[in-house]
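Data first, discussion second: the structure below is written as structure tokens.
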Amino acid sequence: MDKVELLGRRRFVEGLALTTGLAALGASRTRAAAPLAMLRGDRIDLAIGPTPVDFTGRARIATAVNGLVPGPILRLREGDTVTLNVTNRLDEPTSIHWHGILLPNPMDGVPGLTFRGIMPGETFTYRFPVRQAGTYWYHSHSGMQEQTGLYGPLILEPRGREPYSYQRDHVVMLSDWTDEDPMTVLSNLKQQSDYYNYNQRTLGTFAKDARRDGLGATIDDRLMWGKMRMSPTDLMDVSGATYTFLMNGQPPARNWTGLFTPGEKVRLRFINGASMTTFDVRIPGLTMTVVQADGSDVEPVEIEEFRIGVAETYDVIVTPRQDACTIFAQAQDRSGYARGTLAVREGLAAPIPPMDPRPLRTMADMGMNHDMKSTPAVDKGGMDMGGMDMSKMTPEEHKHHMTMMAPPSHDAMSHGAKPGDNIPTSNADGIDPGTLAGQAGVDNVAMQTRDRLGEAGIGLDGNGRRNLTYRDLEARRPHRRSLPPTRALEFHLTGNMERFLWGFDGKKFSQAGPIRVALGERIRFVLINDTMMEHPIHLHGYLFEIENGRGDRLPLKHTVNVKPAERMSFVFTADVPGHWAFHCHLLYHMEAGMFRTVLVA
Amino acid sequence: MTRRCTAALAALALAALSVPARAQTHEAAPFGMPVMDRHVFYHALLDELEGRFGSDQSFRWEGEAWGGTDENRFWLKSEGTLTNGLLDDGRQELFFSRAVSTYFDAQIGARYDLDSRPGRGWVAFGVEGLAPLFFHVAATGYVGGDGRLAARLEGSYDLLLTQRLILQPRLEMNFYSQDDPIREVGAGLSDLEAGLRLRYEITRKVAPYIGVSYEGKYGRTADFARAAGDPTDAVRFVVGLRLWL
């Protein structure tokens, strides 16, 4: 950061158009239309090693697969039993986790849980049958290697015909790169959690708000946030202040380009391989048809924009009508963007839209508006969201809301997620949620949680574009055995932003035991987000069904981005035994302890 | 009294050492820790590294360093003012701190007044954290030899004028239960220091600043100062650098 500050800000955010010091990558990697390397078949050898890279004008060492960031696209075929030999050429242990893949537990690649990790010089052989098709990805599960480049696309080709057609297929892998040592980033956050937030409220924004809302109202607003020791500008913990956002390993100025022939339908496989960045993706001028979410087919949804949480994937089909269209992926906090171009030939570019205004968190994100309807009355039309209402309230109304709120009640929190089915529900860590408030690891307990599956998310709802929501997702085919769950476990997503502590139920991984699930059990996980941030929660080894009201066509996902003050649930059948990781996929949250083992036995 | 403090210190240290049940961690992760949630971090912050210019000139430092986990940390705090070759207000402290609530740490440790005057040792205990409205506050109590008691209150606030230009008001007060003529401090509120510093964060870790500092001596402490021919209050212009590592 300190050194990076000395670079021109624009050059830093945009990256370098010219490439210097990329010897190890070779010239082909740096051409505008550089295709990602691809490996296919049922036997693939991969080597993980240090690789010199330069995304910002400063030479750095990445942790790369076969010398590439991202790693090569692996194309495997459904029905094959694949053998993946991974050799460690680093001087520290490493691992590869196959994200979203249904496989035997020892092949899952999580050091600590499923094996020791791959030691320096060792080769580990992953072997498993491919039981699914779609767009997935892989990444390291060791230390901070995911931040330093160890991730890549994993495409599983279906045996049968796909229920949609396209003539062109491009992977679009989004990620974030920092020239800093990731351990320094984490350490900085422990000392000062707003270290990377250069969009805080200042005297200037105070004056602006006072002119707009009146002095008294503005003072009241500042007092309200100040009393809670929270900042409404907390949108992302790590921002463009240190990150350069990449599309297929290219910073914006290098303009990754995907080619097409006019008239073609183009399938874009979006993968968020970032460590900490949620992206809002759109292609100005084009409607996108979403056909897959997290690798599983969904009923086509026509949208203009979608939010992709860390570790999620979305496949969309577009028919470009111009010679060049910009793929624009702005970070949720609007501190930067990744960008590329769909073009009929190399060297073309389309206008890059300005970034959207930066949103602010509201009291609703703190779980603090008692009269919010449980189902937001919002649809794709782009009307104002419940979440935005609070920002328009006068401070008097805010005060009224705050005094109306009852203290968190255990009873209120423990009834089942779905009204109507009275299945036994308990806290996953065996705690009483009423005891969470005041703990060092908990800075907020949402008093009012609600269903936010119908919302696209902060900064998107009401922006005039048609945004994807989780409620829009419907599985292409009904599930064969869509039985109701027999038990529910509740997890509170908790944190303390000021101390940069993250966990479940107020506990870090090292303070909690495993979450026990019986082999074969049909179980519901209820996620209650008490924090003011989104958390992309990922369960290893399973595709779970998000309970979004779609009957026997609940969408399958491996990662769900849970909004602040949201209460949502998913079900799955625990049919594969083992130690399965369950964690927030924001890398620094996970390393801080927002991680559990789901022990299926 | 000292023995009671030692006992409290021992209890806190034991609490710190009570590692979470190893068995349950092993059950959750049979091959070792999958995440680094017990990692030990270190930081040092030199809040004040400044020249003070008024009727006299002096050099002042105030800083702290910590190392530890999320819950348990060791702290070193140091301050002192060097005027005409004489070191004054030299306070060195070592604390063990534990996160006891959402925003506050409890601290226990020792202080030694180390400067050009005869030294004094103290057992120290206190709380430090973030009060509502983002005020950083610390309150520390001290127990010294001969039944001496002392207390210290500190507070500061960061007012962002822009994203990088930050105005920081700061207040520090010291109280003593007994006169201590050798160190020229008197019973009651002994001294107060109020500062207003405007820093520019070139980066978060490097921030030059300018400001003003007021130092006042009160009650018996002021009497001691007058008797020694020293001023009882002073306003000085300060120029310095705030650094953290």
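No value in this document is a laboratory result; all are computed from the given coordinates. The model shown is predicted, which means the values in this text are computed figures rather than measured ones. So basically every Cβ, Gly included, is an ideal-geometry build from the backbone, and we count neighbours across all protein chains shown.
Some notes on this structure:
- Relative contact order %, chain A, counting alpha carbon pairs below 8 Å whose residues are six or more apart: 13
- Beta bridges per DSSP with both ends in chain A, % antiparallel, nearest 5: 70
- Residue order, fewest to most surrounding Cβ atoms within 10 angstrom, among A:Asp461, A:Asp356: A:Asp356, A:Asp461
- Classified by the C-alpha gyration tensor, chain B has an oblate form. Its axis ratio a/c, with a ≥ b ≥ c, is 1.5 or above, and a/b does not exceed b/c.
- Chain A shape via C-alpha gyration tensor axes, a/c threshold 1.5: rounded
- Values of log10 I(q)/I(0) for region B:161-245 across q = 0.11, 0.14, 0.20 Å⁻¹ run -0.42, -0.60, -0.85, by the Debye formula with one identical scatterer at each alpha carbon and no solvent.
- Gain upon complete extension [A:Arg516, A:Ala349; 0.36 nm per residue less C-alpha separation]: 54.9 nm
- Förster-model FRET efficiency, 30 Å R0, A:Glu92 and B:Glu27, C-beta, rounded to 0.05: 0.70
- Rounded to the nearest 500, the helix-only mean residue ellipticity at 222 nm of chain B stands at -4000 deg cm²/dmol, with each DSSP H run of n ≥ 4 adding -39,500 (n - 2.57).
- FRET efficiency, 1/(1 + (r/R0)^6) with R0 22 Å, evaluated for A:Thr184 and A:Asn85 via beta carbons: 0.10
- For a modelled paramagnetic label at B:Tyr200, 7 Å from Cα along Cα-to-Cβ, no residue of region A:239-258 is in reach, as no backbone nitrogen comes under 17 Å.
- Our estimate of slack between A:Asp421 and A:Leu483, defined as 0.36 nm per intervening residue step minus the Cα-Cα distance, is 21.1 nm.
- For region A:277-335: rounded, prolate or oblate by the Cα gyration tensor [a/c cutoff 1.5]: oblate
- Cα pair distances of region A:507-601 binned at 5 Å [whole percent]: 3, 14, 22, 26, 21, 11, 3, 0
- Residues B:Arg164 and B:Val239, FRET efficiency given R0 of 22 Å [Cβ-Cβ distance, rounded to 0.05]: 0.75
- Pairwise Cα distances in region A:64-172 exceed 17 Å for 54 percent of all pairs.
- Its Cα gyration tensor gives region A:422-523 an equivalent ellipsoid. The semi-axes, each the square root of 5 times an eigenvalue, are 28, 25, 12 Å from largest down.
- Pairs of Cα atoms in region A:172-280 fall into 5 Å distance bins, from 0 up to the last occupied one, in shares of 2, 10, 14, 15, 13, 12, 10, 9, 7, 4, 2, 1 percent.
- The mean number of partner chain beta-carbon atoms within 10 angstrom of a residue's beta-carbon across peptide A:508-519 is 5.
- Neighbouring Cβ atoms from other chains, within 10 Å of the Cβ of residues in B:35-46, number 6 on average.
- Residue mean of other protein chain beta carbons inside 10 Å, A:114-121: 2
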